[in-house]
Structures are given as C-alpha cells and as structure tokens.
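Below you'll find the structure, written out as structure tokens, and then a few comments.
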Amino acid sequence: MIKLKTKEEIVIMRESCLLVGKAHAVIAALLKPGMTTQQVNDLVEEFILDNKAIPSFKNYHGFPAATCISMNEAVVHGFPGTHELKEGDIISLDIGVLKNGFHGDSAYTYALGDVSEEIKRLLRVTKESLYLGIDKARQGNRIGDIAYAIQEHTEKKHGYGVVRELVGHGLGRELHEDPQVPNYGKKGSGPKLKEGMVLAIEPMINMGVKEVSHLSDGWTVLTKDRKPSAHFEHDVHITNGDPDILSSFEEIELAEKGNINLSWSYHNV
Ligand code: MG
Ligand code: MG
C-alpha cells in the first residue's frame, strides 16, 4: 500500500532528508586517500547521533554498519572495514537517518583525486539520469515514466548497464515503502503518481554489463564483470506541480569544490 504524506509530515521528512545531505557533506569535505572505510562510516555515524537522529541502516535486516560503503566494482550494500581508500577509487556512500519518526535516504558516489575520464563520465551520466527521472516525478505520471527516463539516458544513450535486481522505493515512517521504483521500464506503466507520495529515486548504473553478483560476505553486491558502478539517490515529494526534492546535494557539491567550512567538530578521525 502506498502511504501518502500530509503537509505536516513532509515538513518533518524534509528535515530528515536534509540531515542526510549534511552528513554527506562532512564526508565530501574530509574524504582523502589513506582514510579507511571504517573511518568514513564512523564520522557519518557520529554526525547523525550528534544531530539527535538514528542511522537507519544499522541492524536493518541485520546490516552491520551505519552506512553502506561500496567501492569501485561494488554496486551497493558494501560495509566498512580496514580497507584504505586510494587515489583513483570511487566510493558510493549511501546514508539513511531516522529522525522524528521519518527516514531520509540519499546516496552519492565520490571520486578520490584524479579518476579516469571514463569514470568521470559514468558519474556524470548517472547523476544526470537521476535528475531526468526526477523530472518525471509529477502527479498524473506513472512510475514507469521515471524508470524509462533513467534507462533511456544510461543504457540506450550511453551503453551502460542498469541494475535490475535493486530498485528505488517509497520512503516515510519505513525505510522501504511501496511502490518500488525501478531504473528500467516502460513509459506509462506501473502505479500512478499522486500528490503526497515520497519516492527514493536511485539509479544504480554499471559501466559494463547490467548483471551483478554477490560477495560471500552476505551483503556486498558487485558488478558481474567487475567494472565500476555508480549510485546517486534523492528523496522526492510528488506535488501537483514541480517535483519537490527533499534531500540535497548542494553542500556536497560545494564541499567537492573545497568551498565548505565544517562547523561540526568530530572525534573519530
Ligand atoms: Mg539509500
Ligand atoms: Mg534508498
């Protein structure tokens, strides 16, 4: 069942979603070669707790960490450890918070230092596809319109692989609500979009084939051909007008350019 949100609930949700963006900006500002994925995770967790919220992913169906950290050929659901980041890596970081009873959920793929042109293109095209999908997130359209826009741009236009096994979702009091939001599909198919719906739209795009495999750790999803994968996710409120993006990449993008002063003091690194 799709749960529509009231105006009051959207106000609360926006706070949760923006907090996720701020947690990302911390990492965008501090990420550097030599850091371990555990340090990245611990910074995010400390920031979330300092902001009186709970990391949504920790213990979710037994997930072992506050964040999903997926390096290079890992698509999603990687978890932190002693692995050290190095120049040329890409790191997909997915963060969820629960605050005042509602979740925010947003993912971003970071490049460490100088990455190849083909990786830059993968990141750019995946992010573009997210916004093309969001542009279809309007009352009266259908889920398939979002899915089609993402698939057209990534798979048809750029020859990338759209992961089929993992999809976006409704968001609210639960981290994963109805409906599912695939990144592939037919125009005009699927549930109709209505004012008050909140969707986590999250293209997971592989540079090579669309197929994935699973690491024996029980969580990490990898590309089958071990080529890199990118993941960007926004939380979008459907209105009777333009799509209302509840999450934000604004501070992440400022931090990526070195234009942010962290007003938060941390202990974990
Ligand atoms: Mg997510
Ligand atoms: Mg999600």
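Odds and ends about this structure:
- Highest to lowest packing among 216-223, 227-234, scored as the average C-beta count within 10 Å: 227-234, 216-223
- Gyration tensor verdict on the stretch 110-269 (Cα atoms; rounded if a/c is under 1.5, prolate if a/b is larger than b/c, oblate otherwise): oblate
- Environment charge at E87 (Cβ cut-off 13 Å; Lys +1, Arg +1, Asp -1, Glu -1): -1
- Among the DSSP helices (H) of the chain, those spanning at least 18 angstrom by Cα along their long axis with an average Kyte-Doolittle hydropathy of 0.0 or more are 7-30; this is a geometric and hydropathy rule only.
- Shape category assigned to the chain from the gyration tensor of Cα positions, a/c cut at 1.5: oblate
- The modelled label-to-label distance between D50 and S216, using points 7 Å beyond Cα along the C-beta direction, is 3.9 nm.
- Highest-MSF residue in the chain out of V209, V76, V97 [GNM, Cα springs under 10 Å]: V209
- Label point at R124 placed 7 Å out along Cα→Cβ; residues across the stretch 233-265 whose backbone nitrogen lies under 18 Å: 253-254, 256-257
- Remark: relative contact order (the chain) = 24 percent; criterion is Cα-Cα distance under 8 angstrom and separation of 6 or more residues.
- Centre separation in Å (Cα based) which lies between the stretch 130-185 and the stretch 52-89: 22 Å
- Shape category assigned to the stretch 38-154 from the gyration tensor of Cα positions, a/c cut at 1.5: oblate
- Each of the peptides 123-132, 60-69 was scored by the mean count of other Cβ atoms within 10 Å over its residues; in descending order, highest first, they stand as 123-132, 60-69.
- Of interest is the spacing of the C-alpha centroids, which for the stretch 198-261 and the stretch 7-42 amounts to 13 Å.
- When shorter helices are ignored and each DSSP H run of at least 4 residues is given -39500 (n - 2.57), the per-residue value for the chain at 222 nm works out to -9000 deg cm²/dmol.
Read-outs: derived from the displayed coordinates by stated rules, not from any lab. Given the structure is predicted, the values throughout are model-derived calculations rather than measurements. Because the Cβ atoms are built from the backbone with ideal geometry, glycine has one as well, and the counts that use them run over all protein chains shown.
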